[in-house]
Amino acid sequence: VSVGLSFNGADFAYYGGRYEYESSVIVQGVEPSSGSVEGGTLVTVSGSGLQPGRRLECVFGRSSYVPLQMNVAGVGTCLSPRGFGTKSVEVYDAETELFASGAMSFMYKGIPVVSLLTPSRGSTTGGTQVVLTGSGFSSPLLVRFGDDASTE
C-alpha cells in the first residue's frame with residue numbers, strides 16, 4: 001500500500017515507496033518440549049502463518065538460531081542446539097526480520113545413564129519386571145528394549 005502523511009486529515013503527501021503487509025506467524029506448539037543437553041533433538045513446530053518457501057529459523061533462548069525446515073503449511077522441524085535449563089523457542093522470519101508471537105518452552109535434560117539392569121534376562125513373551133538403576137532419570141522416562149518401539 002502507499003503511505004501518506006497529513007496535517008489536517010484531508011490533504012495527504014504520499015511517500016514514493018510502498019508498505020507491504022506480511023501475514024503474521026503465530027507459534028502454537030513445540031514437540032517434544034524437552035531434549036538432550038547435547039542438542040540434536042528433532043523438534044516439530046506448529047502454528048499459523050508457517051509457510052514453505054519462507055526463510056524461517058527456530059531460535060532457542062534468543063541466542064541460538066537454527067534453520068526451520070517447512071514440511072507442509074503450518075508444520076516445520078528444526079534440530080535443537082546444545083543448551084541447558086529451560087529456553088524459549090521462537091520463530092524468526094529472516095525476510096521480514098520479525099519474531100513470531102507465541103514463544104514456547106524447551107527444557108534441556110541431562111543424558112540418563114544406566115549403571116545396573118536387574119534382571120539381565122527375561123521371557124520372550126514379556127512380563128518380566130525390570131529395575132533400572134542409574135542417574136539422570138527424570139519424568140517422563142521412556143524405556144525401550146532394542147530397536148522395537150512396541151517394547152516401550
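The values are calculated or read from the model by the stated rules, or taken from the named source; none is laboratory data. These numbers were taken from a predicted model, which means no experiment stands behind them. Neighbour counts are summed over all protein chains in view; Cβ atoms, including those assigned to glycine, are modelled from backbone coordinates with ideal geometry. For accessibility, only protein heavy atoms count, side chains too; no ligands or nucleic acids. Shrake-Rupley method; radii C 1.70, N 1.55, O 1.52, S 1.80 Å.
Take the residues in the stretch 66-77 that are open to solvent by 60 Å² or more (accessible area, probe 1.4 Å) and touching a residue at least 12 places away in the same chain (Cβ under 8 Å), then tell me which one is nearest to the chain's Cα centre (by Cα). By that ranking, first place goes to ASN71.
Quick check on the stretch 29-36. Is at least one of its residues on the phi < 0 side of the Ramachandran plot and assigned to a loop (DSSP other than H, G, I, E, B)? Scanning the stretch 29-36, I find at least one residue that is on the phi < 0 side of the Ramachandran plot and assigned to a loop (DSSP other than H, G, I, E, B), so the answer is yes. Taking the stretch 95-123 as the range and being under 18 Å from ARG144 (Cα atoms), among the β-branched types (Val, Ile, Thr) and surrounded by 12 or more Cβ atoms within 10 Å (Cβ to Cβ) as the test, only VAL114 passes.
Within the stretch 50-64, the set of residues being in a strand (DSSP E or B) and within 17 Å of GLY102 (Cα to Cα) comprises LEU56, GLU57, CYS58, VAL59, PHE60.
Selection of the stretch 38-65 for residues being open to solvent by less than 80 Å² (accessible area, probe 1.4 Å), farther than 17 Å from VAL25 by Cα and free of Cβ contacts under 8 Å to residues at least 24 places away in the same chain yields only SER64. The set of residues in the stretch 1-37 that are open to solvent by less than 50 Å² (accessible area, probe 1.4 Å) and in contact with a strand residue (DSSP E or B) (Cβ under 6 Å, 6 or more places away or on another chain) comprises GLY4, VAL25, VAL27, GLY29, VAL30, SER34, VAL37.
Look at the stretch 87-112: where a residue is more than 19 Å from SER48 (Cβ to Cβ) and a partner is surrounded by 13 or more Cβ atoms within 10 Å (Cβ to Cβ) and among the basic types (Lys, Arg), sitting 6+ places away or on another chain with Cβ atoms under 6 Å, you get PHE106/LYS87.
Please determine, by comparing only the residues of the stretch 84-125 that are among the small types (Gly, Ala, Ser), closer than 22 Å to GLU38 by Cβ and part of a loop (DSSP other than H, G, I, E, B), which one is modelled with the lowest pLDDT.
Keep residues of the stretch 84-125 that are among the small types (Gly, Ala, Ser), which gives 85, 88, 94, 100-103, 105, 110, 115, 120, 122-123.
So of that shortlist, the ones also closer than 22 Å to GLU38 by Cβ come out as 85, 88, 105, 110, 115.
Then drop every residue that is not part of a loop (DSSP other than H, G, I, E, B), which leaves 85, 110.
Working: GLY85: 94, GLY110: 87.
Taking the candidates together, the pick is GLY110.
Does SER80 meet the test of being open to solvent by 30 Å² or more (accessible area, probe 1.4 Å) and either more than 17 Å from the chain's Cα centre (by Cα) or among the polar types (S, T, N, Q) (or both)? So SER80 does not fit the description; no.
State whether one or more residues within the stretch 7-29 are among the charged types (D, E, K, R), in contact with a Lys or Arg (Cβ under 7 Å, 6 or more places away or on another chain) and touching a residue at least 60 places away in the same chain (Cβ under 8 Å).
Looking through the stretch 7-29, none of the residues is among the charged types (D, E, K, R), in contact with a Lys or Arg (Cβ under 7 Å, 6 or more places away or on another chain) and touching a residue at least 60 places away in the same chain (Cβ under 8 Å).
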